[in-house]
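Accompanying notes for the structure given below.
The values are calculated or read from the model by the stated rules, or taken from the named source; none is laboratory data. What you see is a predicted model, and the numbers here were worked out from it, not measured in a lab. When we count neighbours, we look across all protein chains shown, and the Cβ atoms used for this are built from the backbone with ideal geometry, even at glycine. What goes into the accessible areas is simple: the full protein's heavy atoms, side chains included, and nothing from ligands, DNA or RNA. Shrake-Rupley method; radii C 1.70, N 1.55, O 1.52, S 1.80 Å.
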Amino acid sequence: MAKVLETTGMVCPFPLVEAKEAIADMAKGEELIINFDCTQATESIPRWAATEGHEITEFEQIDDAKWRIIVKKGK
Amino acid sequence: MLQMIVLGIICGLLLGFVLQRGRFCVVGAYRDLILAKDGRMFLATFVVIAIQSIGVYALNGTGVIQFGNDGFPWLGTIVGGFIFGIGMVLAGGCATGTWYRAGEGMIGSWVALFGYMLGAAMTKYGVWKVAGDNLLSYRTNDTYIHETLNVSPWVLVIIVTLLVGILVIRELRKPKLPIFKMKPKKTGLAHILFEKRWHPFVTALLVGLIAIMAWPLSAMTGRMFGLGITAPSANILTFLITGDDALIDWGTFLVVGIFLGSFIAAKGSGEFRWRLPDMKTLRNNAIGGVTMGFGASVAGGCTIGNGLVNSALFAWQGWIAIVFFLLGTWVATYFTIIRKQKQAAAASKAA
């Protein structure tokens, strides 16, 4: 069961700060679904995932200025 | 007047568009140095400085533009720079960032923007003028770093450009991270303008070129400076209240252009939506905006006017301001984010 992190309405850097916190308690291979609407996070979340070795299984713009990204914990 | 409107709006439109699409955020660049231990965006700000320094000293050499020479208001720059640094973390964006995020529909940025205009106007014309003037009265004789060192500005232009060039090449040679990209839905020019993620150094290059262009465009209307955000922001609010049209200049249309350019970019890429943050963020945005307005007025510029423009002129004010912007940003980041992360980490360990 994937964990959902709702950060809609939060401005940067908080979506990423929350994502880091949420993923810390998860086991390897578990998925974190992050909903966000801060434009700058379209850049910072994928970059963070790549740096930390987490896999992105889905990344979609679901509406005007609304995105959903699914991060699979890598290590 | 028409010339002023057109030249200001054009420059602003381009800048707002580029900032929005490039996700260029100065507070993010300064903050990520300690929060993410990532200096890439910070380096991008120095790409802007290096490119602009070449352009403005070339234009200065041909006599198209001239630079002021009224000393370095060191106390104002130190105090104002530090306060501005704190303010921009709370406001969720520097002065320019606030203008362009307002164009993306962020209501928190509208609140911060109003606070910023108010704080700057109060310091320039209102009840905080005494404090502002007092801080600004402590000045050194030298305005420029090359003046103190007694060398040609080109020595500094070359040193900074080489240093930045080396760091950029080093950064580009790092193994590429496999960064996930969204499936493109647009093609051709529409993809490049309204969808593709821009490399921060490409964005920085464009910002640098716009910053150079700003000088002659502004000079043509009788305003001898480059990009500047604070004075125009204060002047818009004061003009709206007093009706004094002497307050309107090229800069006014520049900032309005930034807002419109960002709106066009956001709308075109499906990134415009009215977004309301929670109460606590709104409160911080309001406090941060006013704080930033005071800080920028006393420091003689924001992260654009000082951080990118005065620094490219090698004015002491620009470089010392950057140091104190950084310190202010770090102190505020520590208290708003890092301390909580540490507490949370300690709590989860104890449990």
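Among the candidates A:Phe36, A:Phe59, the residue that is under 21 Å from B:Gly92 (Cβ atoms), buried (at least 16 other Cβ atoms within 10 Å of the Cβ) and not basic (Lys, Arg) is uniquely A:Phe36. Number of residues in region B:336-351 that are part of a helix (DSSP H, G or I) and either surrounded by 24 or more Cβ atoms within 10 Å (Cβ to Cβ) or out of contact with any helix residue (DSSP H, G or I) (no Cβ under 9 Å at 6 or more places or on another chain) (or both) equals 7. Is it true that B:Trp316 is more than 17 Å from the chain's Cα centre (by Cα), within 13 Å of chain A (Cβ to nearest Cβ) and modelled with pLDDT of 95 or more? So B:Trp316 fails the test. Go through region A:63-75 and count every residue that is surrounded by fewer than 17 Cβ atoms within 10 Å (Cβ to Cβ), in contact (Cβ under 8 Å) with a residue 24 or more places away in the chain and at the interface with another protein chain (Cβ under 8 Å from one of its Cβ atoms). Matching residues across region A:63-75 total 1. Residues satisfying the criterion are present in region A:5-13 (criterion: open to solvent by 50 Å² or more (accessible area, probe 1.4 Å) and within 11 Å of chain B (Cβ to nearest Cβ)).
In this structure, B:Phe294 does not qualify as in contact (Cβ under 8 Å) with a residue 60 or more places away in the chain, more than 10 Å from chain A (Cβ to nearest Cβ), open to solvent by less than 10 Å² (accessible area, probe 1.4 Å) and among the aromatic types (Phe, Trp, Tyr).
Of everything listed in (1) closer than 30 Å to B:His146 by Cα; (2) open to solvent by less than 10 Å² (accessible area, probe 1.4 Å); (3) not basic (Lys, Arg), the single unmet condition for B:Leu327 is (2).
Within region A:1-22, being within 20 Å of B:Cys94 (Cα to Cα) and among the β-branched types (Val, Ile, Thr) holds for A:Val11, A:Val17. Report, by residue number, each residue of region B:148-167 that is touching a helix residue (DSSP H, G or I) at 6+ places or on another chain (Cβ under 6 Å) and over 30 Å from B:Asp70 (Cβ atoms). Listed by number, the list holds a single entry, B:Leu167. Within region B:92-129, being in a helix (DSSP H, G or I), of a type in the set (D, E, K, R) and within 14 Å of another protein chain (Cβ to nearest Cβ) holds for one residue alone: B:Arg101.
Taking the criterion of being more than 8 Å from chain B (Cβ to nearest Cβ) and closer than 16 Å to B:Glu195 by Cβ, the only residue of region A:41-62 that qualifies is A:Ile62. Quickly run through region A:21-37 and pick out the residues that are more than 8 Å from every other protein chain (Cβ to nearest Cβ) and closer than 24 Å to B:Ala29 by Cβ. Within region A:21-37, A:Ile34, A:Phe36 meet the criteria. For region B:298-324, the set of residues classified as open to solvent by 20 Å² or more (accessible area, probe 1.4 Å) and not in a helix (DSSP H, G or I) consists of B:Gly300 only.
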